[in-house]
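One structure below.
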Amino acid sequence: MKKKNQKNKARQYIDNVKLHQIMTDFFYNTKEAKEKGDPEPRIPEYAGYAIHLICNELGTKRNFARYSYRDEMVGDAIISCVQAAYKFDPEKAEYVNKQGITVSTNAFNYFSTCAWRAFLNRLKKEKRDQYIKHKAYMSHISTINDFGSELSSDNIEVSSRIIDEYESKLERDKQK
């Protein structure tokens, strides 16, 4: 039993109670500053440290670790979390967001969810960019052939597969 508790404790790299208390204090300080007309206060150092750790740890998960643009994903997540820190509201109980997902006011969960969505948004952006690149490649194949260079059938197959997958996903999303 001790081993399991020690293992769980080692996995907990953020003190959620401390983070939640700091974010609650930050919320009330920000609210007070807005009422007085003062500029918004800086995000507390521990909250910034926690955001940094959460985003980097999420980037090491097997869902995201294999992407070559993992650093961009982590960067987007940090920016998204910092922006979301000013929207953190401990007075709200759990609520259901626009996507029908129950969201908790737990600070760790709040930032983890924000980072997760930023990662997914980066993946969508990269897939769209990849689709555009391969679509341009396929549209210029005839131009390349005019110059007498040989095309790899593997490149054409890969490009065709990427284009087909992306277009079929667009079609499915349109039907929803």
- If Lys61 satisfies every condition in (1) loosely packed, with under 14 Cβ neighbours inside 10 Å; (2) at pLDDT below 90; (3) part of a loop (DSSP other than H, G, I, E, B) but one, which is the exception? (2)
- Which numbered condition Lys2 fails, given (1) surrounded by 15 or more Cβ atoms within 10 Å (Cβ to Cβ); (2) at pLDDT below 90; (3) of a type in the set (Lys, Arg): (1)
- Task: Output the number of residues of segment 140-163 satisfying the condition of being surrounded by fewer than 11 Cβ atoms within 10 Å (Cβ to Cβ), modelled with pLDDT under 60 and of a type outside the set (A, V, I, L, M, F, W, C).
- Result: 5
- Expected output for segment 64-81 (first residue touching a residue at least 40 places away in the same chain (Cβ under 8 Å), partner outside any helix (DSSP H, G or I), Cβ below 8 Å, 6+ apart or cross-chain) is Met73/Phe64; Met73/Tyr67
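Okay, residues lined up against (1) modelled with pLDDT of 90 or more; (2) in a helix (DSSP H, G or I); (3) touching a Pro at 6+ places or on another chain (Cβ under 9 Å):
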| residue | (1), (2), (3) |
| --- | --- |
| Lys9 | no, yes, no |
| Tyr13 | no, no, no |
| Tyr28 | yes, yes, yes |
| Lys34 | yes, yes, no |
| Ile43 | yes, no, no |
| Tyr49 | yes, yes, no |
| Leu53 | yes, yes, no |
- Do we have any residue at all in segment 69-82 that's part of a helix (DSSP H, G or I), modelled with pLDDT of 90 or more, of a type in the set (Ser, Thr, Tyr) and under 17 Å from the mean Cα position of the chain (by Cα)? yes
- Message: Taking the conditions exactly as written (under 22 Å from Tyr69 (Cα atoms), at pLDDT 85 or above and surrounded by 11 or more Cβ atoms within 10 Å (Cβ to Cβ)), does Tyr131 satisfy them or not?
- Response: yes
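The values are calculated or read from the model by the stated rules, or taken from the named source; none is laboratory data. Since the structure is predicted, the reported quantities are computational estimates derived from the model, not experimental observations. Cβ atoms come from the backbone with ideal geometry, glycine included; neighbour counts cover every protein chain shown.
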